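Working notes for the structure below.
The values are calculated or read from the model by the stated rules, or taken from the named source; none is laboratory data. Predicted model only: the values in this text are computed from it and were never measured. Note that we place each Cβ from the backbone using ideal geometry, even for glycine, and neighbour counts take in every protein chain shown. When the accessible area is computed, the model is the full protein with side chains, heavy atoms only, and any ligands, DNA or RNA have been set aside. Shrake-Rupley method; radii C 1.70, N 1.55, O 1.52, S 1.80 Å.
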Amino acid sequence: MKLPKIVLLGPPGAGKGTQGSLISEYFGIAHITTGNALRINRDLETELGTPGSFIDRGELVPDSIVNEIVEVEIKKASGFVLDGYPRNRKQAEYLSTISEIDKIIYLDVASEELIKRLSGRRVCSSCGENYHIEFRPPKKNGKCDLCSSELVQRSDDQEETILNRLRVFSEHTEPVLEYYINREGFVRIEGRDNPEDVWESIRKIFEEG
Ligand code: ADP
Ligand code: ADP
Ligand code: ZN
């Protein structure tokens with residue numbers, strides 16, 4: 001079977017990381033997360049500044065930096081789920097020159113819910129596993145279920161930066177939805193439900209072909 005090439009779109013906090021992991025496990029494909037790649041390289045000096053300086057303001061990291069990361073990862077994988085890319089129209093156009101995408105899944109969630117999800121998000125400082133203080137609490141307060149390391153709040157999950165990220169989404173990433181909406185393979189998923197139900201809706205899309 002040919003492994004699928006999937007783009008997972010959605011505003012900050014929509015559940016891209018959560019669902020992206022499930023999709024990648026289910027199909028045995030790479031989970032390419034530009035956010036993680038950029039956080040790992042947050043202090044990398046480039047002509048345009050460090051990735052961290054953009055992330056902490058809730059702004060997009062320049063296309064040239066992100067495109068290069070994605071191209072390297074895509075070339076290594078025969079199937080993948082792209083989580084957090086493309087985030088503007090130029091990136092979407094660039095992607096079309098390096099790969100053919102089978103499915104574009106848009107996780108739709110209203111902004112009040114996004115703010116709750118992002119402000120309660122905690123991540124493992126060691127393995128990166130994701131939690132939520134209310135919706136997905138760890139078994140032991142403040143500690144990762146998988147590796148017992150400390151859970152931390154991402155520096156950009158502070159109220160002011162969250163609001164800026166939501167503005168950046170409507171200004172730059174909503175045009176990406178317009179770019180894909182009439183293409184074959186585009187599907188909108190209701191992302192408000194609990195993670196298991198969202199995953200069920202995603203799995204159904206692939207069963208239906
Ligand atoms: P994204 O990668 O789109 O920013 P995440 O997958 O990191 O989103 O989810 C954001 C936060 O919301 C995390 O704390 C996660 O545990 C929680 N979360 C994810 N999906 C759901 C859901 N369907 N319902 C409630 N909380 C969720
Ligand atoms: P979320 O979906 O919760 O906003 P991500 O981990 O996907 O979180 O992204 C965190 C930050 O990393 C973004 O706010 C942005 O600064 C940067 N980033 C991630 N992906 C891209 C991208 N495709 N283009 C530009 N910047 C990106
Ligand atoms: Zn961990």
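Tabulated values for the structure
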| quantity | calculated |
| --- | --- |
| Residues whose placed amide H lies under 5 Å from that of residue 106, excluding near-sequence neighbours | 9, 187, 188, 189 |
| Cα-Cα over 27 Å, subset of 90/204; 116/139; 5/90 | 90/204 |
| Three-way shape call for the chain based on the alpha-carbon gyration tensor, with the a/c threshold at 1.5 | rounded |
| Exposure of residue 31 as accessible area (Å², to 10), given a probe of 1.4 Å and all protein chains | 60 |
| Helical mean residue ellipticity (222 nm; -39500 (n - 2.57) per DSSP H run of 4+; nearest 500) of the chain | -12500 deg cm²/dmol |
| Per-residue ³J(HN,Hα) for the range 88-98, Karplus 6.51 cos²θ - 1.76 cosθ + 1.60, θ = phi - 60°, Hz, x for Gly and Pro | 8, 5, 4, 5, 5, 5, 4, 4, 5, 8, 10 |
| Neighbour net charge for residue 3 - beta-carbon separation under 15 angstrom, K R +1, D E -1 | +1 |
| Accessible area of the range 1-149 divided out per residue, in Å², using a probe of 1.4 angstrom | 51 |
| Candidates 154, 136, 121, ranked by Gaussian network fluctuation over the chain, Cα under 10 Å, top entry | 136 |
| Extension gain, residue 36 back to residue 145 (0.36 nm per residue minus Cα-Cα distance, nm) | 37.2 nm |
| Calculated from backbone phi, Karplus (6.51, -1.76, 1.60) coupling profile of the range 24-30 in Hz, x at Gly/Pro | 5, 5, 4, 9, x, 10, 6 |
| Candidates 69, 23, 98, ranked by Gaussian network fluctuation over the chain, Cα under 10 Å, top entry | 98 |
| From phi via Karplus (6.51, -1.76, 1.60), per-residue ³J(HN,Hα) for the range 5-20 in Hz, x at Gly/Pro | 10, 10, 10, 10, 10, x, x, x, x, 5, x, 4, x, 4, 6, x |
| Sulfur and carbon atoms: percent of accessible area, the chain [1.4 Å] | 47 |
| Max mean-square fluctuation residue, GNM over the chain, Cα-Cα springs under 10 Å, options 64, 119, 111 | 64 |
